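Here's the structure we're looking at; comments come further down.
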Amino acid sequence: MPGWLASVPVFTATTGSPLHAQIERWLIDVIGRGDLVNGDRLPREGDLAAELGVSRMTLRQALSTMEAQGTVVRKPGRSGGTYVSEPRIECDLTGLAGFTEQMRRANIRAGARVVSALTVPATAAVAGALSIPRGDDVHEIVRVRTARREPLALERSYFPAEVFPDLLAHRLAGSLYELLRRHYGQTPYVASENLEPVIAGTSEAELLGVEAKSALILIERAASTAAGLPVEYARDLFRPDKVRISFRTGLGVDVRPAD
């Protein structure tokens, strides 16, 4: 019997929380303590259910929720089973927090590798998003964003050169939103964002460490200041196997700019 099963709590429906939810929280705590790590295989469902004193159906409910969250992965076949996996990082699009802030909220240190930083003429799409004439100078910054030493996203951002004339002279490996705020007094405050599934091209796949034609999530964003000045147009590609995109809706949702 694995050591982490030596002190199984008593799961009971009288606590007010469903049995499967209790099991899910306990297993997540076991993983959080490091008693189970990425790649570890859980005991067979029948054996684990017996150890926990619950039915296989109840255990399956807990494992299904954990699989949807990316905490475990279940593989079919004789050599299959339930394995611990690294959970996907939650990226909440409510408000306007940049990648660095998103990782800070998840207690993960964000990294950035600058692929290119050039001043280029604005295409029709970029010009339209930034409300500038086509062909005007814009700064194009392409970066691979990392967390846990793995690539999570490929960012391609455009900034109007007239508003940020010497942007490329600054250090570009940190939070670009923080750079805009501190050095130029322009804080992205509101954004229009669109999400769609796309297929990774050869160069994108290489930069993100995935197979060519892998599924990615594209987030297209146009951000403006509180005064309505367009300051950024971006096309960010995220790995859905590492990141889960979420947002909150409804009355009373606190929507604030990036910290």
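Derivation of every value follows stated rules applied to the coordinates shown; laboratory data play no part. Just so it is clear, the structure is predicted and the values come from calculations on it, not from any experiment. As a convention, Cβ positions derive from the backbone with ideal geometry for all residues, glycine included, and neighbour counts pool all protein chains shown.
Once the Cβ-Cβ distance between Ala6 and Gln69 is put in as r, and R0 is 25 Å, what FRET efficiency do you end up with, to the nearest 0.05?
0.45
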**Average projection area in nm² (convex hull over Cα atoms of the chain, one quarter of hull surface)** = 17.1
**Prompt:** So if we plug the beta-carbon distance of Glu206 and Val120 into 1/(1 + (r/R0)^6) with R0 = 22 Å, what FRET efficiency do we get, rounded to 0.05?
**Reply:** 0.50
**Message:** Let me spell out the model: positive unit charges on the Cβ of Lys and Arg, negative unit charges on the Cβ of Asp and Glu, origin at the Cα centre of the chain. What dipole size does that give, in debye rounded to 20?
**Reply:** 560
**Theoretical gain in end-to-end length, Ile199 to Asp166 [0.36 nm per residue, Cα-Cα removed]** = 8.5 nm
**Euclidean distance of C-alpha centroids, segment 21-86 and segment 144-180, integer Å** = 39
**Prompt:** If the convex hull of the alpha-carbon atoms of segment 3-84 is projected onto planes in all directions, what is the mean projected area in square nanometres?
**Reply:** 5.3
